Amino acid sequence: MTEQEKLEIFCKGYLEGVLASVIDSDCVDDWVLWGGYDINLTGQDYDQGAQSERELACSVYREGYETLPSSPMFRFTVKAT
């Protein structure tokens with residue numbers, strides 16, 4: 001399994017948790033440290049990568065940066081099933 005696949009599974013689990021506690025993910029704008037990564041998870045109110053209230057855009061950076069890099073290591077969208 002690739003690093004991106006592991007990250008996508010984590011982010012999808014995060015999305016499922018959000019949807020279990022609130023109706024939709026529109027207003028999500030969270031930063032999470034996980035597995036050596038700093039992950040920004042954002043809903044459609046904050047990122048055009050998320051196209052519905054059941055999606056999150058995920059931007060992944062290596063943990064420990066002093067200044068936010070100009071581009072993430074990984075960028076993808078996860079969708080609820």
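Computed quantities for the displayed model
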item	result
Residue match in region 27-44 (condition: at pLDDT 95 or above, within 9 Å of the chain's Cα centre (by Cα) and assigned to a helix (DSSP H, G or I))	no
Qualifying residue in region 38-46 (condition: free of Cβ contacts under 8 Å to residues at least 12 places away in the same chain and of a type in the set (Gly, Ala, Ser))	no
Enumeration of residues in region 13-24 that are surrounded by 14 or more Cβ atoms within 10 Å (Cβ to Cβ) and either closer than 15 Å to Glu63 by Cα or free of Cβ contacts under 8 Å to residues at least 40 places away in the same chain (or both)	Val18, Asp24
So Phe10, is it surrounded by 13 or more Cβ atoms within 10 Å (Cβ to Cβ), aromatic (Phe, Trp, Tyr) and free of Cβ contacts under 8 Å to residues at least 60 places away in the same chain	yes
Qualifying residue in region 9-19 (condition: outside any helix (DSSP H, G or I), out of contact with any Pro (no Cβ under 9 Å at 6 or more places or on another chain) and not acidic (Asp, Glu))	no
Scope region 41-75; condition in contact with a helix residue (DSSP H, G or I) (Cβ under 9 Å, 6 or more places away or on another chain) and farther than 15 Å from Ile23 by Cβ; matching residues	Leu41, Cys58, Val60, Met73, Phe74
Of all residues making up region 48-68, the number that are surrounded by 22 or more Cβ atoms within 10 Å (Cβ to Cβ) and outside any strand (DSSP E or B)	1
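The values are calculated or read from the model by the stated rules, or taken from the named source; none is laboratory data. Being a predicted model, the structure only gives us computed values, none of them experimental. Backbone-built Cβ (ideal geometry, glycine too); neighbour counts: all protein chains shown.
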